[in-house]
Each structure stands twice: as structure tokens, then as C-alpha cells.
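Just so it is clear, none of the values below were taken in a lab; they were calculated from the coordinates. Here the structure is a predicted model, which means the values were calculated and not measured. Reconstructed Cβ throughout: ideal geometry from the backbone, glycine too, with neighbour counts over all protein chains shown.
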Amino acid sequence: MFITKIIRKRTRKPSFSVHVEGTPAFELSEEVLTKLGLEVGNEISETTVEQILTAEAMARAKTIAINYISYRPRSAQEVVTKLTRKGFSPDLARKVVQRLQDLRMIDDLEFARMFTRDRKRRRPLGRALLRRSLHAKGIAPHFVEQVLREVVTDEDQEHAAAQLAAKHLRISQHSYQKLDEARRRKRLHDYLLRRGFSNDIASKTVRAVLS
């Protein structure tokens, strides 16, 4: 089989319709056309066609991934999920992500730091919920523990728990007034545990705000 025609299409980004034996065979980006050195008269095999299509899919997936991470940092798993939802195979999506990781455009450790600092600033949460959120983003367990050690101190957790407890008591003041002292303490303690705080910090916070 021979390439018989290459037609530049009128699109926002340069793209080309490649004809094989007089019939439109596939559309390629300028990047792939140049990279593979395709020209009219080139002889190509079925294997070559598969390689060309794979290269084009990789290029398109990479463009989508770069656009996706341009708005804000993303974890590797988030990018893989984005690409598979766009119709790319999981294997190809992982290869694209690996390339971007090699270029330091995707960095799960730095993403985890940013994510944790942002959560700490915007919404008081205990370590357990922060840990769960990072795991849900696909961050490796050793990165999760490293970031929690670096970013979240015991002092931070005590301050966050106190903030959250005070807000909860303001919002739920009416229902708490109906409870005796022991029940008030247990309800607040359980609430802080559900928000991811340790038993020690929850107990210390309850003693402080209900004393």
C-alpha cells in the first residue's frame, strides 16, 4: 500500500487527511505527520498503519491530558480516569501519564502536598479523612504518610478540631441543650471522630469546649 495523497484540513490546529491507495485512511496531527516523516509515495504495511494510529492516539491523549492539568494540578490517577472517560484505553492512558511524570508535569507527591494544604486552609478535617481523601485520588500510601507528617502537625489538628467543634455547637445548639452533660460530650466526641480526628484530640477538644 502507498500513501497517494495528504490533504491539509481547515481546522484550528493543523491536521491532515492521509489517503492510501486513493482512499481516505486516517487523520493525523501535524506533530505525528512530521515525527513519522510521512509523505506521498511512502509504502506502508498494515503494521505501519497500526503504529501510525497508535502514535496519533498517544498525541491526542497527551494534548487532552496537558489541557486537563493546565487548570490545576492533578494526580496521576485523575488523569488516567479522564483519558479513559474520553475513550482511550487504560494502557494508553497510563503510558501518556508516565511520559508526563517523566517530564515532571504530573507529580503525585507535590500534588498531595498542595491538596492537603488546600484542605487544611479551607476546611478543618482530621488526619483520617485527609488520608482517605488522598487515597481516593490514587496517591501511593507512602506519599500519603509522608505528606501528613510534613503538612499536618498535632497543633494543626487541635486547632482544626476546636474550630470545627465550636461551629458544630453553634449550629446544633438547640439539640445539644436537650441532652445531659454525658450525652453532650459523647455526641461531640463522636462527631469529631467522624470528621477524622484521633480519639486523643477528640477527647481533649471536648474537655476544652464543654468545660
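Brief remarks follow.
- Ranking SER198, LEU164, LEU179 by how far each Cα lies toward the positive end of the dipole of region 154-209 (charges on Cβ) leaves LEU179 at the top.
- Applying the criteria of a DSSP loop state and at most 13 other Cβ atoms within 10 Å to the trypsin sites (Lys or Arg not before Pro) of region 89-134 yields ARG104.
- Stretching the chain fully between ALA128 and ASP156 yields a gain of 8.7 nm (0.36 nm per residue, less the alpha carbon separation).
- Too-long pairs where the Cα-Cα distance tops 25 Å, listed order kept, from LYS9/LYS95; LYS167/LYS204; LYS9/LYS86; LYS35/LYS95: LYS9/LYS95
- Along the axis of the charge dipole computed for the chain (Cβ charges of +1 for Lys and Arg, -1 for Asp and Glu, origin at the Cα centre), the listed residues ALA136, VAL80, LEU36 are led at the positive end by ALA136.
- Folded to 0 to 90 degrees: helix 108-122 orientation relative to the chain principal axis, Cα: 40 degrees
- Sorted ascending by nearby beta carbons within 10 Å, beginning with the fewest, SER211, SER70, SER198 become SER211, SER70, SER198.
- Length released on extending from GLN177 to THR63, taking residue separation times 0.36 nm less the Cα-Cα span: 35.3 nm
- Size of charge dipole - region 1-44 - debye, nearest 20, with Cβ of Lys, Arg +1 and Asp, Glu -1, no other charges: 340 debye
- Simple point charges give the picture: +1 on the Cβ of Lys and Arg, -1 on the Cβ of Asp and Glu, and for the chain a dipole about the Cα centre of about 1600 debye.
- The ALA136 and TYR71 beta-carbon pair, evaluated with R₀ = 22 Å, returns a calculated FRET efficiency of approximately 0.70.
- On Cα atoms only, tilt of 46-71 relative to the major axis of the chain in degrees: 40 degrees
- Inter-label distance, ILE7 to LEU36: 1.9 nm, where each label sits 7 Å from its Cα along the C-beta direction.
- GluC sites (Glu not before Pro) within region 33-114, DSSP loop, no more than 14 other Cβ atoms inside 10 Å: GLU39
- Nearest-ten-degree value, helix 154-171 long axis tilted from longest Cα axis of the chain: 70 degrees
- Environment charge at GLU150 (Cβ cut-off 11 Å; Lys +1, Arg +1, Asp -1, Glu -1): +2
- The chain - mean residue ellipticity at 222 nm from DSSP helices (-39,500 (n - 2.57) per run, n ≥ 4, rounded to 500): -21000 deg cm²/dmol
- Inter-part distance where region 16-31 and region 95-158 are each reduced to a Cα centre, Å: 44 Å
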